[in-house]
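To start, the structure itself, in structure tokens.
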Amino acid sequence: PEGGGAFVTLGTFYGIGVGPGDPELMTVKGARLLAQCRNVFVPKAGIAVQSVALEIAKGYLAPGACVRELTFPMTTDRAELASAWDASAGEVAIPLEAGQDACFLTLGDPMLYSTYIHLLRALRARFPALPVMTVPGITAMCAAASLAEFPIGQFKEPVTIVPAADDLRVVRQAIAAGGALVLMKVGKRLETLIDLLEDVGRADGSVFVSRAGMAGERVETDIRKLRGQEAEAGYLSVILSRVEEEDVK
């Protein structure tokens with residue numbers, strides 16, 4: 001889709017969730033819109049890292065599409081992050097102000113722990129009336145649950161989703177709440193999380209899935225086997241957990 005027309009000054013901004021890794025898990029809508037968009041923006045975690053989202057979606061790009069990478073720093077410094085989001089919004093604003101549409105690709109779902117959330121806010125601050133369409137995507141936790149045959153939620157049990165890389169106290173609170181637990185952004189804390197789950201008696205009810213739908217996909221039902229792995233083992237991974245005896249009778 002291309003913005004434009006006599007009375008339209010801004011193009012439309014599309015946020016497209018490309019899913020967890022398998023290109024076939026992109027939505028039909030996301031693939032269709034991407035195939036019509038000339039200005040495509042993709043996130044990168046660092047200068048030397050390729051965009052995983054682009055690798056997933058590259059087969060759906062329009063011929064001649066202009067792909068631009070937006071680098072977001074791996075930091076928790078709010079000021080540094082805000083500066084990066086604003087700078088990226090400035091780059092996306094260029095085609096939008098020319099009346100052209102722009103797509104931003106993001107892993108999983110755009111509204112679940114995604115950089116898209118912050119980029120959208122920065123664009124809204126610039127253009128309050130910006131036309132926006134957000135296309136949901138299959139999340140990593142849903143792909144992991146399918147691969148491991150692990151029901152995320154059953155009957156009336158609660159489900160808690162925690163970005164594990166931030167604060168282990170939050171993980172402990174989520175465990176204490178009971179029900180099913182989804183640990184995202186495992187990263188370098190993999191072994192620490194394994195120790196924590198074993199300490200609270202949830203190791204046997206936990207599964208680990210990394211790189212779901214990608215090369216190197218791994219599903220591990222005995223998370224203790226992951227001890228001693230390289231630091232990269234927790235990258236693009238999810239841990240799903242529940243206390244086994246909590247299964248609803």
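Screening region 67-96 for residues that are open to solvent by 70 Å² or more (accessible area, probe 1.4 Å) and among the polar types (S, T, N, Q) and picking the one that is farthest from Arg38 (Cα to Cα) gives Thr76. Report, by residue number, each residue of region 179-216 that is among the β-branched types (Val, Ile, Thr) and under 19 Å from Ala231 (Cβ atoms). Of everything in region 179-216, those that are among the β-branched types (Val, Ile, Thr) and under 19 Å from Ala231 (Cβ atoms) turn out to be Val186, Thr192, Ile194, Val209. The residue list Gly99, Gly64 contains one member that is modelled with pLDDT of 90 or more, open to solvent by 60 Å² or more (accessible area, probe 1.4 Å), more than 18 Å from the chain's Cα centre (by Cα) and on the phi > 0 side of the Ramachandran plot, which is Gly64. When you scan region 146-168, do you find a residue that is part of a helix (DSSP H, G or I) and more than 26 Å from Ile56 (Cα to Cα), even just one? Looking through region 146-168, at least one residue is part of a helix (DSSP H, G or I) and more than 26 Å from Ile56 (Cα to Cα).
Restricting region 174-200 to residues that are hydrophobic (A, V, I, L, M, F, W, C) and part of a helix (DSSP H, G or I), the residue that is most open to solvent (accessible area, probe 1.4 Å) is Ala176. Would you check which residues across region 201-215 are part of a loop (DSSP other than H, G, I, E, B) and open to solvent by 60 Å² or more (accessible area, probe 1.4 Å) and list them? Answer for region 201-215, where residues must be part of a loop (DSSP other than H, G, I, E, B) and open to solvent by 60 Å² or more (accessible area, probe 1.4 Å): Arg211, Ala215. Within region 216-233, being out of contact with any Ser or Thr (no Cβ under 7 Å at 6 or more places or on another chain) and either open to solvent by less than 10 Å² (accessible area, probe 1.4 Å) or in a strand (DSSP E or B) (or both) holds for Val219, Glu220, Leu226.
What residue, of Ala57, Ala84, Ala48, is among the aliphatic types (A, V, I, L, M), modelled with pLDDT under 95, assigned to a helix (DSSP H, G or I) and more than 16 Å from Thr12 (Cα to Cα)? From the options Ala57, Ala84, Ala48, the qualifying one is Ala84. For region 18-28, give me each residue that is surrounded by 14 or more Cβ atoms within 10 Å (Cβ to Cβ) and either over 16 Å from the mean Cα position of the chain (by Cα) or in a loop (DSSP other than H, G, I, E, B) (or both). Matches in region 18-28: Val18, Pro20, Gly21, Asp22, Met26, Thr27. Of all positions in region 189-204, at least one carries a residue that is at pLDDT below 90 and touching a helix residue (DSSP H, G or I) at 6+ places or on another chain (Cβ under 8 Å).
In the condition set (1) surrounded by 21 or more Cβ atoms within 10 Å (Cβ to Cβ); (2) at pLDDT 90 or above, Thr160 is compliant with all but (1).
The requirement of being open to solvent by less than 70 Å² (accessible area, probe 1.4 Å), among the small types (Gly, Ala, Ser), under 20 Å from the mean Cα position of the chain (by Cα) and over 15 Å from Pro43 (Cα atoms) is fulfilled somewhere in region 123-142, by at least one residue. Scanning region 107-127 for residues that are part of a loop (DSSP other than H, G, I, E, B) and closer than 13 Å to Leu96 by Cβ turns up just one, Phe127.
The values are calculated or read from the model by the stated rules, or taken from the named source; none is laboratory data. Just so it is clear, the model here is predicted, and its values are computed rather than measured. Note that each Cβ is placed from the backbone with ideal geometry, even for glycine, and that neighbours are counted across all protein chains shown. To get the accessible areas, we keep the full protein, side chains included, count just its heavy atoms, and leave off ligands, DNA and RNA. Shrake-Rupley method; radii C 1.70, N 1.55, O 1.52, S 1.80 Å.
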